[in-house]
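In what follows, a single structure is set out as structure tokens and then discussed.
Only the coordinates and a few stated rules stand behind these numbers; no lab work does. Just so we're clear, the structure is a prediction, and the values are computed from it rather than from any experiment. Note: ideal-geometry Cβ built from the backbone for every residue, glycine included; neighbour counts use all protein chains shown.
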Amino acid sequence: MAASQYQSSLNCELRIIEAENTKSISTGKLFVRCYLSGVGNNEKIRLNSKEIPSTSHPYWNESISLECSATKDCMKELKQQSVVFELRWRNKTTILGRIGRSKLLGRAVLLWKDVLESSELIIERWVTMVVATRSHVLEGLNQPVLHVEMKVGVPGTMEKVKKRRWGECGCRHEGCDGGGDDLFALASALEAL
């Protein structure tokens, strides 16, 4: 089967793990909002994590998985895209039966290029949030930090794909460390970039 048939799609996964430096936020709820650029168009996708009570060590361990095309053009475009992470706070007090709007506490940006150029197509980082200028919620605090993970994998398996040079034959016969044909096609597409 031709390699292009194996390059139909990949999973891009974001995992919001935890945050630190939020200990003086005593009431309300915290959540993370992510903005992703749509590959092939100018749209931005907005995704929210679950809201959790503000504590000294908020913990989500929540994953978001999106499927995208693995054509060479889409891969080049994905390499130029980023994910914006916003740490947000919402006071759960209701006014006239409505929940109030959330307030931006801080923002950080990570690049898909860093994931695609990593040896195992995965990065896990603590990112420092750039604090919003009018954030009365965080007055006198250190900048919050957010622990996140970003990875790219083959749909159905979401196994880490290692960028590696394959044996001369590129096959899966005994003694080769080739792996599946779909992993070979994905690794070849990434190396071509």
Over the alpha carbons of segment 48-118, what is the largest minus smallest coordinate on each principal axis, giving the biggest first in Å?
51, 27, 19
Just to be sure I understand the model, the point goes 7 Å from the Cα along the line to the Cβ. What's the resulting Ser9 to Arg125 distance in nm?
2.8 nm
What order, most packed first, do the peptides 108-120, 53-65, 76-88 have when packing is the mean number of other Cβ atoms within 10 Å of each residue?
76-88, 108-120, 53-65
Mean shadow area of segment 10-89 over all directions, Cα convex hull, nm²:
5.5 nm²
Beyond a 32 Å Cα-Cα separation, which of these cross-linked pairs lie in this structure: Lys76/Lys103; Lys50/Lys151; Lys23/Lys76?
Lys76/Lys103; Lys23/Lys76
